Each structure stands twice: as structure tokens, then as C-alpha cells.
Amino acid sequence: MAGVAVDGIFNSYIEIEKWVSELHEEYAESTVASVFATFSIFLNAAARARMIPTNRVTASG
């Protein structure tokens, strides 16, 4: 089962890499960095609000 999760993470990583490469073709580095930072903020907020599943390990277990 863990292999399936790793496959999903890897596939998502590949898709994000493609997306960032496409952004680099069209925009300056500062714009790409800004877009990616904003994307990361939205993902973190969604994870904290438990709108998307995460596998976070906390100090309490």
C-alpha cells in the first residue's frame, strides 16, 4: 500500500515539475517564484483546514 502512495507523490511531483517548466518558458524567474509561492500557500492552507488529506505526524502521535 505504501508503494501506491509513493507512486502518487512521484506522479504529482512530475506534474508540478512540468507545470513549473511551462511557467519558465513564458514568464520571468521572479514571476514563476511568486506563482509557486502563492500555490504553496494555498496548498498549506487547504491542508491545515483539512480540505485535502495529509500524512502529518505530530508530537502527540
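The values are calculated or read from the model by the stated rules, or taken from the named source; none is laboratory data. Since we're looking at a predicted model, the values are computed, not measured.
Residues that are modelled with pLDDT of 90 or more and β-branched (Val, Ile, Thr) within region 15-34 comprise THR31, VAL32, listed in sequence order. When THR58, THR54 are screened for being of a type in the set (Ser, Thr, Tyr), more than 14 Å from the chain's Cα centre (by Cα) and modelled with pLDDT under 75, only THR58 passes.
Out of (1) assigned to a helix (DSSP H, G or I); (2) at pLDDT 75 or above, what's the single condition that is false for ALA5? All conditions pass for ALA5, except number (2).
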